[in-house]
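The values are calculated or read from the model by the stated rules, or taken from the named source; none is laboratory data. All figures in this text were calculated on a predicted structure; none of them were measured in a lab. Note: ideal-geometry Cβ built from the backbone for every residue, glycine included; neighbour counts use all protein chains shown.
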């Protein structure tokens, strides 16, 4: 039996997490994706399958790398965009990543900007 790669293990953790975490129109899902260089987040309504709000460290106005400070900026940006879209509470989906470092920094930035989860 072949050994699973890190990516396959992360996808398995994400699938296990998604059994319990679903976004509704009242409380959509804040999904986080972390690559080696960048970090991005989306707020998703799973009943319709639509992305309501998104933010990424690739955007020019955020112009940050995917480090801890950049992740905090992305978290603040997504919280501000969510407030303009009329959203105040979300369910956090760490995407199979460990709640540590950049993922935790993004969550802290979103909470500081007023998003509840």
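Of the listed requirements (1) at pLDDT 95 or above; (2) over 19 Å from residue 104 (Cβ atoms); (3) out of contact with any helix residue (DSSP H, G or I) (no Cβ under 8 Å at 6 or more places or on another chain); (4) surrounded by 14 or more Cβ atoms within 10 Å (Cβ to Cβ), residue 53 misses just one: (3).
Inspection of segment 60-70 identifies at least one residue that is touching a residue at least 24 places away in the same chain (Cβ under 8 Å) and over 15 Å from residue 104 (Cα atoms).
Selection of first residues in segment 18-41 that are without any contact (Cβ under 8 Å) to a residue 24 or more places away in the chain and of second residues that are not in a loop (DSSP other than H, G, I, E, B), restricted to Cβ pairs under 6 Å at least 6 apart or on distinct chains, gives the following pairs, ordered by first then second residue: 25/45.
The residues of segment 94-116 that are exposed (fewer than 14 other Cβ atoms within 10 Å of the Cβ) and closer than 18 Å to residue 7 by Cα, listed by number, are 98, 99, 100.
When residue 91 is tested against (1) under 13 Å from the mean Cα position of the chain (by Cα); (2) exposed (fewer than 15 other Cβ atoms within 10 Å of the Cβ), only condition (2) is not met.
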